1. Of the residues that make up the stretch A:37-50, is at least one under 21 Å from residue A:398 (Cβ atoms) and modelled with pLDDT of 85 or more?
2. State the number of residues belonging to the stretch B:102-153 that are assigned to a loop (DSSP other than H, G, I, E, B), within 9 Å of chain A (Cβ to nearest Cβ) and either under 11 Å from residue B:176 (Cα atoms) or in contact (Cβ under 8 Å) with a residue 40 or more places away in the chain (or both).
3. What is the number of the single condition among (1) at positive phi; (2) assigned to a helix (DSSP H, G or I) that residue A:151 does not meet?
4. Can you name every residue in the stretch A:372-421 that is part of a helix (DSSP H, G or I) and either within 14 Å of chain B (Cβ to nearest Cβ) or at positive phi (or both)?
5. Quick one: which residue in A:236, A:190, A:296 is within 14 Å of chain B (Cβ to nearest Cβ) and modelled with pLDDT under 90?
6. Touching a residue at least 24 places away in the same chain (Cβ under 8 Å) and within 22 Å of the chain's Cα centre (by Cα), is that true of residue A:300?
7. Quick one: which helices (runs of 4 or more DSSP H) lie wholly within the stretch B:191-263 and hold at least 3 residues that are over 20 Å from residue B:163 (Cβ atoms) and under 21 Å from the mean Cα position of the chain (by Cα)?
8. Kindly list the number of the only condition in (1) at pLDDT below 90; (2) touching a strand residue (DSSP E or B) at 6+ places or on another chain (Cβ under 6 Å); (3) in a strand (DSSP E or B) that fails for residue B:41.
């Protein structure tokens, strides 16, 4: 390590500090406080200098680290932790993960809060798996996936509140509606790829949200839909005192009434739905249509020259991806019992795309890891309130630094001629 | 030998530029017909018209089938490969690089497998009828891989193969759709002499063993002269000569326009 290197890295980190100052200065430094008759600006330069200092130090350490032969311990630990996540281990991880998920509600430390976070993570995993079909397999960058989530949620809510049908009838219907919207979006964007496709799908997501806000007669506009029926356990509702002529869950099984019953049921519901999504994706990937999706991602012109119909192939990807988004949406509606357009903003799409991309495009286990990592870390820092988004950003940066192709970027062939060589 | 393809008065204009000007030629079954000419002569444009990527301004292209003939103009896009069974390769290789060699060959059999999998329904139920069909498709892939000697790399990514092997793989991938006409766009580009000799062998095998006519665009004269039964020479979109390889080699026009004189 030479003196020249140190000076060079020091200069570089000072420059980083300058950028950090430009960003944090106005964002963090100038705080508006409303006092009596108006807004007043209170500067908080102390925090700014702390953040800028952290940036300079961090950058300096990274620079020194890349210049030195031997790495800092923390870097080598982190990078070996990250690189130890491989597809082989992923298989063990999948099995233990499913087992752990199955017993999770009955573990001693599991409380209501843990269950809520787990349900949220599972919802994102399911959405990630659904979007993985469109983005990971078919290579169609869809930035408006939340639209299908919304279509599913609203279809479920409207059908359930209007006709009073049960969850198990409304769920497939919501999936069908979402798939229909998937095809509706698919048609105009058939000829688009890459950036252009991303922009149009982003617009589509916004269109759906704005329709939901403005179509007051049907969607109840920004007020949302309330009183969405809760799911029942095969006809047994989770109520303390059931209606006349009804038996509720705790009476039927002779249990003490607890609100946890419903939470646990919801947990298993989303777990099963997510696992169905996963099973379906793993299966269909090995079928001709799945291979055609991946081929389309690789080279559309070559696909045409081999007689693969790109229109049908793309539309099935959009439809199936949207269908799973719709299922997740109806789960969301029944869990919350209240939905409004506010739940379906662009940030949701962005998070789901982030989960798929950071997990490693097309990797099912990667989606799980990325969901736990991104959503879990953000949840862990909930006490920091609005600063928890820094944790979200930090988690993304960590993955990008140590695993630029995503947590699990290895693709396994869908069919082997010589069997597994190991 | 019966006619396989007849191109009649084909004209292709891009705005004011005439890329192909009133071109007519025939290609026969079980023969290799080469299209040669200087860069920009319109060779790839002919291919793009034949394989449905461009719609010709004028003229007809017929594919003969026993007694009947079908017009290629009617088919566009993927239907050229699917219905008319005209396959092609590309000047710059277009494999599916992140998919395995075997998968590349299975995608080429997509339409048959799609029907066999009951549009995914039977496949999802894992029915035996589908599994058998899939095994047949794998066997067909293996047959072709054996011929080009790449069976041992079947499970590797296509993008990881050496350049010469990628060229060969692209050709056998096109053969997996069981084409009646195979259009090869500069298959020998970038190959060393040993590899082009192997390519010659492969093309001769396809020509004699399969019911397939080959249309070949090539600059490598060792390939063209070594295997062509018939040569069509283009210059500025016009046909300037047509004949056997030997006739072409000695034609004054062709030497002037393209081959050049040995010094």
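1. So far as the stretch A:37-50 goes, yes, one or more of its residues are under 21 Å from residue A:398 (Cβ atoms) and modelled with pLDDT of 85 or more.
2. Qualifying residue count for the region: 2.
3. Result: residue A:151 passes all but (1).
4. A:385 - this is the single residue of the stretch A:372-421 that is part of a helix (DSSP H, G or I) and either within 14 Å of chain B (Cβ to nearest Cβ) or at positive phi (or both).
5. Being within 14 Å of chain B (Cβ to nearest Cβ) and modelled with pLDDT under 90 holds for just one of A:236, A:190, A:296, which is A:190.
6. Here the answer is no, as residue A:300 does not meet what is asked.
7. B:193-209, B:221-227
8. Every condition holds for residue B:41 apart from (3).
The values are calculated or read from the model by the stated rules, or taken from the named source; none is laboratory data. None of these values were measured; they are calculated from a predicted model. Here Cβ is always computed from backbone atoms with ideal geometry, including for glycine, and neighbour counts include all displayed protein chains.
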